[in-house]
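The values are calculated or read from the model by the stated rules, or taken from the named source; none is laboratory data. Keep in mind the model is a prediction, meaning the values are calculated, not measured. Every residue, glycine as well, gets a Cβ built from its backbone with ideal geometry; the counts of neighbours run over all protein chains shown.
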């Protein structure tokens with residue numbers, strides 16, 4: 001190199017224009033949205049499968065809802081064989097601001113539903129709506145025999161997810177000893193406390209003031225039971 005000579009070396013440099021920057025940003029955003037959409041699709045599909053698969057199974061098998069209902073109905077003894085107990089005459093005060101319909105509310109399980117009446121001859125009509133008060137047994141006001149409430153755990157295909165969560169006993173296993181159950185009955189609020197959790201094929205304790213039960217699964221005769229006492233408050 002001769003003294004005094006300066007050589008300039010130029011490299012090709014990419015010049016970003018505003019249009020290129022916007023295009024790159026759009027591509028990044030599009031990729032992000034595609035990934036997000038896939039994620040929510042998978043999560044949504046999983047949720048739908050969890051909640052609707054049992055109902056679809058009902059539909060494909062045909063007649064299964066009725067047999068499950070029959071299992072629920074047969075879980076209790078004949079009311080005439082259950083000894084009538086002498087219970088305290090306690091009754092909560094009448095409150096005209098409470099709803100006229102009889103209702104069940106279980107905060108722990110997020111259940112908030114109507115208590116449906118039906119005889120043993122047409123119990124399925126009540127179970128198709130939600131919770132059934134087993135006929136010929138007690139009520140919150142008449143406690144000579146326990147109040148027994150039964151419901152499907154998985155419900156029916158036509159039920160929406162919000163309806164299923166509030167009106168079925170899908171979340172009954174979440175109800176633990178010490179948790180409370182609220183029942184509105186003829187505009188009086190009755191509060192119960194769970195004292196026993198149990199799984200089996202039949203009710204074992206008819207001394208309870210309130211018995212809640214549902215099927216454990218679609219193919220098992222095992223039921224989930226919760227026994228509760230009335231709180232005098």
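The single condition among (1) touching a helix residue (DSSP H, G or I) at 6+ places or on another chain (Cβ under 8 Å); (2) buried (at least 17 other Cβ atoms within 10 Å of the Cβ) that residue 143 does not satisfy is (1). Restricting the range 177-223 to residues that are at pLDDT 95 or above and touching a helix residue (DSSP H, G or I) at 6+ places or on another chain (Cβ under 7 Å), the residue that is surrounded by the fewest Cβ atoms within 10 Å (Cβ to Cβ) is 179.
Condition check ((1) part of a loop (DSSP other than H, G, I, E, B); (2) in contact with a strand residue (DSSP E or B) (Cβ under 6 Å, 6 or more places away or on another chain); (3) under 16 Å from residue 229 (Cα atoms); (4) outside the structural domain of residue 199 (by TED's automatic domain parsing)) across all residues:
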position	(1), (2), (3), (4)
101	yes, yes, no, no
113	no, yes, no, no
154	yes, no, no, no
181	no, yes, yes, no
